[in-house]
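A.B. asks: Mind looking over this structure? Questions follow.
The values are calculated or read from the model by the stated rules, or taken from the named source; none is laboratory data. A quick note: this is a predicted structure, and the numbers were derived from the prediction, not measured. Counting neighbours? That spans all protein chains shown, and the Cβs are built from the backbone with ideal geometry, glycine included.
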């Protein structure tokens, strides 16, 4: 299976008072088109750094990234990003915030066509009645819905999610996970998400990439999540494979993450058995 996204020998070094500090080293990963991959690890291990390198928002020290056959060298509209905080412009409505990116990416479309794109995605995420509200008039969960709509509306080749539900209460978190997975199933956008939540990773992912602790963090283990799709949360939690995978992830985080023995590069390719369509 050819890779839609390939990360090879990624390395990130930051300057510090004690000299250069290597945060991520020899990070190799291949992701198939339409696959949903989650990166999990302890705080500070470098998982968000990897995501920001893919986004083009953090400079790569060594290695490279190839997306859809093209090596990346900076940010671009081919990657939609949802951050933990959606960072909406406060003087603009939800509709106008989504339109910002649409106007840049689909500049050859008519204004009506661009407005229809924004309205469609805002409706899909549950904001049909709140399109003309400004961020201050929206709850945290609603603002994150705008962020999700904004990312999908660009119809990117890649979706990047940096702990998008980390600031939400449990009920809102579950609701938005369902919104996200419904949109992902409909659009089949290749997705990489960073999280520290084991249950969230298993509910959403085709594979879970477990990072070792830093410094010089890398991939310690990759779990294939072959649980059937579409996934119902209650049914999923009653599935024996779910509990096996959950125990494996927790054991990795409690024990093997600290051993700092990155996987060989040849073991990080996507397996053909991974269910990338739902």
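A.B. asks: Among the residues of region 8-19, are any crowded, with 21+ Cβ neighbours inside 10 Å, closer than 26 Å to residue 145 by Cα and either in contact (Cβ under 8 Å) with a residue 12 or more places away in the chain or not assigned by TED's automatic domain parsing to the domain that holds residue 211 (or both)?
C.D. replies: no
A.B. asks: Could I ask something else about it? Under the condition of being in contact with a helix residue (DSSP H, G or I) (Cβ under 7 Å, 6 or more places away or on another chain) and in contact (Cβ under 8 Å) with a residue 24 or more places away in the chain, which residue from region 90-111 is surrounded by the most Cβ atoms within 10 Å (Cβ to Cβ)?
C.D. replies: Going through the qualifying residues, I end up with 98.
A.B. asks: I would also like to ask the following. Name the single residue, out of those in region 228-246 being surrounded by fewer than 15 Cβ atoms within 10 Å (Cβ to Cβ) and part of a helix (DSSP H, G or I), that is nearest to the chain's Cα centre (by Cα).
C.D. replies: Within region 228-246, the match that is nearest to the chain's Cα centre (by Cα) is 233.
A.B. asks: Quick check: is even one residue across region 213-227 outside the structural domain of residue 125 (by TED's automatic domain parsing), at negative phi, at pLDDT 90 or above and in a helix (DSSP H, G or I)?
C.D. replies: No: zero hits.
A.B. asks: Just give me the residues in region 5-43 being part of a loop (DSSP other than H, G, I, E, B) and within 15 Å of the chain's Cα centre (by Cα), in sequence order.
C.D. replies: 32, 33, 34, 35, 41
A.B. asks: Taking residue 128, is it touching a helix residue (DSSP H, G or I) at 6+ places or on another chain (Cβ under 6 Å), at pLDDT 95 or above and closer than 22 Å to residue 106 by Cβ?
C.D. replies: Taking the combined requirement at face value, the residue does not satisfy it.
A.B. asks: Next up: Would you mind listing the helices (runs of 4 or more DSSP H) fully within region 44-144 where at least 3 residues are more than 20 Å from the chain's Cα centre (by Cα)?
C.D. replies: Filter on region 44-144 gives 94-105, 111-124.
A.B. asks: Only one of 76, 63, 56, 41 is surrounded by 14 or more Cβ atoms within 10 Å (Cβ to Cβ) and in contact (Cβ under 8 Å) with a residue 60 or more places away in the chain; which?
C.D. replies: Sole residue among the options that is surrounded by 14 or more Cβ atoms within 10 Å (Cβ to Cβ) and in contact (Cβ under 8 Å) with a residue 60 or more places away in the chain: 41.
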